[in-house]
Every structure is written in C-alpha cells, then in structure tokens.
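One structure is given here, and the rest of the page talks about it.
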Amino acid sequence: MDRATHEVADVVRLFGDALLREGAVTPARRRVMRALLACRTAQLGGHVESCDSCDFKRIAYNSCRNRHCPKCQSSRQAKWLDDRAKDLLPVEYFHVVFTMPEELARIALQNKRVVYGILFATSAATLRTIAADEKHLGAEVGFLSVLHTWTQDLRHHPHVHCVVPGGGLAPDGSWVACRPGFFLPVRVLGAMFRGKFVAALRAAFERGDLRFQGSLQPLRDRAAFAACLDRAMAKSWVVYSKPPFGGPAQVLKYLARYTHRIAIGNRRILDVCPDGVTFRCRDRAQRNRSRTMVLPGVEFLRRFLQHILPRGFTRLRHYGLLANRKRATKLAVCRLQLGAPMPSTATVPSVVPFLLPDEHCPACRTGRLVRRPWPGLRIPEVADSS
C-alpha cells in the first residue's frame with residue numbers, strides 16, 4: 001500500500017504556530033499536535049525490520065501511538081478486531097445511528113465528557129428498552145456502540161453508530177429473531193431517545209455538571225437553558241437504520257474500517273500549501289458524491305482538533321448481551337439456541353487483510369519482516385497522550 005503524499009502532521013507543521021498565536025488551544029490539543037509532529041521521526045527513536053529468510057533490512061521510526069493520529073490506527077485494531085470476530089453470531093446484523101440536534105451539539109462541544117456520556121447511555125437505553133418491549137422484539141439484545149463527532153468536512157456532529165445482531169434472548173432464554181430486513185421502528189426509537197436525552201441533560205444542568213462559555217454563556221440562566229431544551233424537544237430527532245449487513249464477514253470488514261476511524265485520514269488530504277489544505281470529502285446533499293474542498297490551514301487544523309476526545313474517554317462500548325461482564329455466558333446461550341458451533345481459529349474470519357500492510361519481505365517475498373531494536377539507540381516507551 002502506497003503512503004499518503006500529504007499528512008495531518010504537515011498541516012500542524014505549516015500552520016500550528018499560527019493557530020497557537022490565536023490562543024484558545026487547550027493542553028490536550030497541544031499534546032496531540034506534538035504527538036503528530038513526533039510520530040515516526042527520530043524524536044521517538046526507531047527499530048530495524050529485518051527479514052527472517054534473507055539479508056534484507058530497513059530502519060523505521062517509532063509511532064506515537066496517539067489514538068488521534070492518522071498513522072497509528074491500523075496495527076492497534078488487529079487484536080481488538082480478532083476478539084470481536086469471536087463474538088459474531090450467524091444472524092443478520094443491523095446498523096443503527098443516533099444523532100442530536102445542532103443546538104445541543106454546541107453544548108456537547110463545551111462539555112464533551114458529560115454530553116458524549118449521555119449520548120452513549122441514552123442511545124443504549126433506548127435500544128434495549130424498545131427491543132425488550134413485547135410489541136416489538138421482546139428480547140434482550142447486545143450491541144457495539146461507536147462515537148463519531150465529525151462530518152466529512154470536519155464540522156462538529158456528534159453521533160453514535162450501533163452494530164446490532166438481528167435478534168436476542170427472550171426472558172425464557174430462547175432466541176427471538178427480528179423480521180428479515182427490519183430491526184426496530186426508527187420513529188419509536190427517535191421519540192424515546194429524544195425524551196431520555198433531554199431528561200438526562202436537564203439533570204446534568206441541575207447538578208451543575210455543565211459549563212457554558214463564549215456564545216453559550218446565556219444558557220447559564222435556568223430559563224434560557226429550559227427554552228433551549230424545549231426547542232430541541234419540538235424537533236424530530238434523527239435516528240436511522242441502514243440496510244443490514246450481508247453476514248459476519250461484512251460486519252468485520254465494516255468494523256475494521258470504521259471503529260477506529262478518526263476525523264480525517266491522511267489519504268483524503270490532496271494538498272497542503274500556504275494557501276490552504278485541499279482534501280477529498282463526500283457531499284451528502286449530492287448523494288454522497290466525492291468532491292474536493294479547500295480550507296485555510298488554520299481553520300482546517302481548528303476543525304480537526306475539535307474532535308479530540310477527553311483523556312481516558314472510551315469511544316467504543318458494549319451493551320446488553322455483549323457487555324464485558326456477561327458476554328461469554330450470554331453468547332454461549334445464543335449459540336446454543338441458534339445451533340451454532342463455538343468459534344474456533346478455523347471458523348473465525350481473519351481481519352488482517354483489512355488492516356495491516358504487507359509484512360512480507362519486499363526483497364525475497366517469502367520471508368517475513370521481524371522487528372528488532374535499533375542498536376545503540378534508546379527507544380522510549382511512548383504512551384497514548386490522549
């Protein structure tokens with residue numbers, strides 16, 4: 001796989017000082033900027049990749065391993081996705097997306113940990129409550145939720161993607177399958193999600209958990225905040241279900257390319273120059289047609305950095321049947337009810353082709369590259385600074 005010609009690090013290198021001069025760059029964003037600049041440079045040390053079959057060797061620099069770095073996402077996914085492959089059931093899978101209106105997204109940008117947490121909790125509670133209702137599925141479901149906070153043009157748009165098996169366990173332990181091609185009614189999901197989210201946000205305000213700065217300062221007033229929530233309640237919230245996946249292999253392929261995604265990858269950046277940053281994006285108004293967009297460098301960097309998550313915030317979460325503390329037991333029951341065998345190394349689809357660059361020796365094409373320390377050079381341990 002060819003390397004990208006331009007990188008987010010190039011934007012930081014060219015426009016980072018100008019952004020810092022404008023002020024209002026938080027310590028967390030400064031850490032990410034430093035990590036991107038240092039990634040795969042001599043600053044972090046290096047290692048030698050040598051072939052186990054011939055004399056080929058090459059020197060490579062270490063990665064920063066920051067979860068917001070476009071260059072550090074592939075290899076860290078492999079172990080996580082191998083574990084997820086073992087959790088897959090031989091059923092139809094659905095993709096449900098929960099979003100919030102713009103006026104509440106503005107509050108989320110200044111209160112990320114609180115509001116993103118509410119987004120996770122209320123979307124999960126909505127799915128589990130509606131699925132458990134006998135009028136719909138009447139079963140306990142399990143699902144993976146992934147937080148994304150961006151649009152294709154890097155604007156702030158927090159939303160949660162949920163990947164859900166098409167069925168669940170009834171109270172008597174039997175498997176209940178949903179109708180083919182249909183999971184749960186999105187209008188019902190949207191109405192309940194709206195009510196739960198607004199109630200949780202109002203409770204956070206009453207506890208004093210929310211902070212309002214700049215243009216949002218008027219919302220410190222109880223009446224102004226209540227009016228904002230009333231406007232949000234008057235809207236129809238967007239919850240939509242995409243067409244189901246074709247099978248477990250397609251689910252894995254989706255997860256491999258989607259779960260560890262960041263706001264923009266290096267391959268979408270077409271040019272970085274003093275006049276601005278040119279990048280490729282999809283235009284939803286034009287049926288997702290690909291187009292190019294140019295932003296001033298400082299504005300591009302400002303948009304990119306607004307998607308930095310709070311330190312330690314988990315953006316991949318499991319619920320219901322897939323919750324960590326009961327996953328093994330619940331999935332074993334599901335497989336028993338479905339007549340499906342327990343997963344083995346032979347039956348679990350491999351995620352490696354979706355993730356990793358070719359690790360074969362480019363010289364002999366038969367040996368594999370082995371990573372060894374760079375002699376005489378101290379290689380520091382670099383933690384994820386996010």
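The values are calculated or read from the model by the stated rules, or taken from the named source; none is laboratory data. What you see is a predicted model, and the numbers here were worked out from it, not measured in a lab. When we count neighbours, we look across all protein chains shown, and the Cβ atoms used for this are built from the backbone with ideal geometry, even at glycine.
Miscellaneous remarks
- Subset of region 131-165 that is buried (at least 21 other Cβ atoms within 10 Å of the Cβ) and not in a strand (DSSP E or B) - its residue that is nearest to the chain's Cα centre (by Cα): 154
- Matching entry among 204, 224, 200, 177 (being modelled with pLDDT of 95 or more and either farther than 17 Å from residue 120 by Cα or over 26 Å from the mean Cα position of the chain (by Cα) (or both)): 224
- Lone unmet requirement of (1) on the phi > 0 side of the Ramachandran plot; (2) crowded, with 17+ Cβ neighbours inside 10 Å; (3) at pLDDT below 55 for residue 349: (1)
- Boolean, residue 33 is crowded, with 16+ Cβ neighbours inside 10 Å, aliphatic (A, V, I, L, M) and more than 30 Å from residue 274 (Cα to Cα): no
- Matching residues in region 308-325 - criterion: being in contact with a strand residue (DSSP E or B) (Cβ under 9 Å, 6 or more places away or on another chain) and on the phi < 0 side of the Ramachandran plot: 309, 313, 314, 315, 316, 317, 318, 319, 321, 322, 323, 324
- Evaluated against (1) closer than 23 Å to residue 323 by Cβ; (2) touching a strand residue (DSSP E or B) at 6+ places or on another chain (Cβ under 9 Å), residue 174 falls short on exactly one condition, (2).
- Residue 97 vs. criteria β-branched (Val, Ile, Thr), within 30 Å of residue 235 (Cβ to Cβ) and surrounded by fewer than 21 Cβ atoms within 10 Å (Cβ to Cβ): yes
- Among the residues listed as 29, 76, 84, 34, the single one being of a type outside the set (A, V, I, L, M), in a helix (DSSP H, G or I), under 20 Å from the mean Cα position of the chain (by Cα) and at pLDDT 85 or above: 29
- Per-region count, region 176-187, residues out of contact with any helix residue (DSSP H, G or I) (no Cβ under 6 Å at 6 or more places or on another chain) and either more than 19 Å from residue 163 (Cβ to Cβ) or among the hydrophobic types (A, V, I, L, M, F, W, C) (or both): 7
- Residue match in region 303-315 (condition: among the hydroxyl-bearing types (Ser, Thr, Tyr), in contact with a helix residue (DSSP H, G or I) (Cβ under 6 Å, 6 or more places away or on another chain) and farther than 16 Å from residue 154 by Cβ): no
- Lone qualifier among 119, 127 - being touching a strand residue (DSSP E or B) at 6+ places or on another chain (Cβ under 8 Å) and either part of a strand (DSSP E or B) or farther than 19 Å from residue 202 by Cα (or both): 127
- Filter result for residue 89 (crowded, with 19+ Cβ neighbours inside 10 Å, farther than 18 Å from residue 182 by Cα and not hydroxyl-bearing (Ser, Thr, Tyr)): no
- Cβ pairs under 8 Å, 6+ apart, first in region 199-223 and more than 19 Å from residue 100 (Cα to Cα), second among the hydroxyl-bearing types (Ser, Thr, Tyr) and assigned to a helix (DSSP H, G or I): none
- Residue pairs whose Cβ atoms lie under 6 Å apart, separated by 6 or more positions or on different chains, with the first residue in region 227-254 and at pLDDT 90 or above and the second of a type in the set (Phe, Trp, Tyr) and part of a strand (DSSP E or B), are 239/98.
- In region 37-54, the residues that are at pLDDT 85 or above and among the small types (Gly, Ala, Ser): 38, 50, 53
- Apart from one condition, residue 359 fits all of (1) modelled with pLDDT under 85; (2) surrounded by 14 or more Cβ atoms within 10 Å (Cβ to Cβ); the exception is (2).
- Identity of the residue in region 93-105, part of a helix (DSSP H, G or I) and modelled with pLDDT under 95, that ends up nearest to the chain's Cα centre (by Cα): 102
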